[in-house]
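Input: a single structure, listed below in structure tokens.
Rule-based calculations on the coordinates, nothing more; no lab input. Just so it is clear, the structure is predicted and the values come from calculations on it, not from any experiment. So basically every Cβ, Gly included, is an ideal-geometry build from the backbone, and we count neighbours across all protein chains shown.
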Amino acid sequence: MGAGQTVGAAVAVGALGALVVWRRPVLAFGVRSAAFINEVHGEIKKVTWPTSLDLRKSTTIIVIFVIIAGIIIGLMDWAFSKILIDFLGQVFA
């Protein structure tokens with residue numbers, strides 16, 4: 001038996017020992033995880049999903065809002081750059 005096989009056997013025995021020692025917490029985790037997934041599945045069934053028309057309307061409103069906000073921010077950026085760079089640059093130059 002080579003050194004690699006000895007190490008492999010030791011690791012396997014250690015893993016088996018850890019599984020025996022921690023069997024209850026591992027099994028309890030599995031049971032809790034399964035219960036959580038079942039509860040999530042039950043809650044997903046209760047969700048009221050929007051219709052395609054509602055989804056299109058909401059998306060349109062959001063896109064329009066983002067465009068308007070971008071225009072406002074762009075105008076503010078332009079105005080502040082004119083004030084700070086052009087006006088104050090001439091005053092303090």
The stretch 7-93: helices (runs of 4 or more DSSP H) wholly inside it with 1 or more residues that are under 32 Å from the mean Cα position of the chain (by Cα) are 23-46, 52-81
Among 92, 65, 80, the single one that is exposed (fewer than 10 other Cβ atoms within 10 Å of the Cβ), out of contact with any Cys (no Cβ under 9 Å at 6 or more places or on another chain), without any contact (Cβ under 8 Å) to a residue 60 or more places away in the chain and more than 30 Å from residue 19 (Cα to Cα) is 92
